[in-house]
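Notes follow the structure.
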Amino acid sequence: MSLVRRSSVFDPFSLDLWDPFEGIFRSVVPSAGASDSETAAFANARIDWKETPEAHVFKADLPGVKKEEVKVEVEDGNVLVISGQRSKEKEDKNDRWHRVERSSGQFMRRFRLPENAKVDQVKAGLENGVLTVTVPKAEEKPEVKAIEISG
């Protein structure tokens, strides 16, 4: 059971909810929710988000996922949605599994983009199992406001 998020950084833009009870039944009763545990492990795909002077860059490790199985969208004007699915390996009746650790199932992550994101210029690429989504930033021009002096 994991009670601590992997990242200690608070992300006000992430729309993910943390569930402190996630996996509690798997640790107590290993067979509980076997099919759910496979989906849950992949459902929470880990994604890094860094900001450079030019762009917001998102990176997700998606080994074994084809580009046709991944969708990158912008919804509601400023919410980046990364979703997809990894198919479960076909099982043969004669196979005897000793351990199943690789996860399968659907995943979806949403990130609220800041106002300076150029959502009409988003680019995505999948190379060697790593999805990279680049969202360029608009140039920030400092706003100068003249204040009238009374008196």
What distance in nm separates the two pseudo spin-label positions at LYS50 and ASN78, each 7 Å out from Cα along the beta-carbon direction? 2.5 nm
Using eta = 1.002 mPa s and T = 20 °C, Stokes-Einstein with Kirkwood Rh from Cα pairs puts D for the range 70-150, in µm² s⁻¹, at 128 µm²/s
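For the cross-link pairs LYS50/LYS88; LYS59/LYS88; LYS90/LYS123; LYS67/LYS137; LYS66/LYS118; LYS118/LYS145, which exceed 29 Å when the distance is taken from alpha carbon to alpha carbon? Intermediate values should be presented prior to the final figure.
Working: LYS50/LYS88 31 Å; LYS59/LYS88 23 Å; LYS90/LYS123 33 Å; LYS67/LYS137 25 Å; LYS66/LYS118 26 Å; LYS118/LYS145 25 Å.
Beyond 29 Å: LYS50/LYS88; LYS90/LYS123.
Quick one: if the Förster radius is 35 Å, what FRET efficiency do ASN128 and ARG96 give, using the C-beta to C-beta distance and rounding to 0.05? Kindly include the intermediate steps, with their values, before the conclusion.
On the way: r = 32 Å, r/R0 = 0.91.
Calculated value: 0.65.
Quick note: the coordinates plus some simple rules give every number you see, no bench work behind them. Please read all numbers here as calculations on a predicted model, not as lab measurements. Glycine gets a Cβ as well: all are built from the backbone with ideal geometry, and neighbour counts include every protein chain shown.
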